[in-house]
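Just below is one structure, and these are the notes that go with it.
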Amino acid sequence: MLQANTIDESPELPSNNITLEHDLGAEDPVGRLGNPLNIQPGTNQQTTINGIDYTGHALDQMQGRGLMPSVVEDTITNGAVSAGRGGVSIYVTGQARVVVSQDGRIITAMPQ
C-alpha cells in the first residue's frame, strides 16, 4: 500500500507531486506520457534490473515518465544508436530515447 506524506490533488489544478517515505515497489505510482509525476530527485537508488545497471536518476525519471524497464531494454536492443556529449550513447526507437554512460549504466530515459 502507498504510504505518502504529501499528495496534492487539488480539484482546480491537478497536481502529481508525491513524496514517498519508503522504497518503491510495484504498487507505487508512475507517470505516463502527457501526465508525468513529479518524482523528488533522489527518491530511487541505483540498481540492476535484468542485468542492466540504472542510476537513481534514471529510475526517478522512468517512474515519473511512466517508462518500464522492458521499454528501456527494447530501446537498447533495437534502437538506432548515436554518440552523445561526454562519450554517452543515445539509443532511440519510436517508444523511447535512452542515454547510456560509457560504462553501460542507464543515465536517463524519456518517451518519444
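Points to keep in mind about this one:
- Qualifying residue in segment 34-55 (condition: crowded, with 17+ Cβ neighbours inside 10 Å, modelled with pLDDT of 95 or more and among the polar types (S, T, N, Q)): yes
Yes or no, residue by residue, for (1) surrounded by 13 or more Cβ atoms within 10 Å (Cβ to Cβ); (2) at pLDDT 95 or above; (3) under 11 Å from the mean Cα position of the chain (by Cα):
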{"position": "Gln63", "(1), (2), (3)": "yes, no, yes"}
{"position": "Gly66", "(1), (2), (3)": "yes, no, yes"}
{"position": "Glu73", "(1), (2), (3)": "yes, yes, no"}
{"position": "Thr77", "(1), (2), (3)": "no, yes, no"}
{"position": "Ser82", "(1), (2), (3)": "no, yes, no"}
{"position": "Gly86", "(1), (2), (3)": "no, no, no"}
{"position": "Ile90", "(1), (2), (3)": "yes, yes, no"}
{"position": "Thr93", "(1), (2), (3)": "yes, yes, no"}
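- Members of segment 87-104 found to be over 23 Å from Leu37 (Cα atoms), part of a strand (DSSP E or B) and in contact with a helix residue (DSSP H, G or I) (Cβ under 6 Å, 6 or more places away or on another chain), listed by number: Tyr91
The values are calculated or read from the model by the stated rules, or taken from the named source; none is laboratory data. In this text, all values refer to a predicted model and were calculated from it rather than measured experimentally. In this analysis, Cβ positions are derived from the backbone assuming ideal geometry, glycine residues included, and neighbour counts consider all displayed protein chains.
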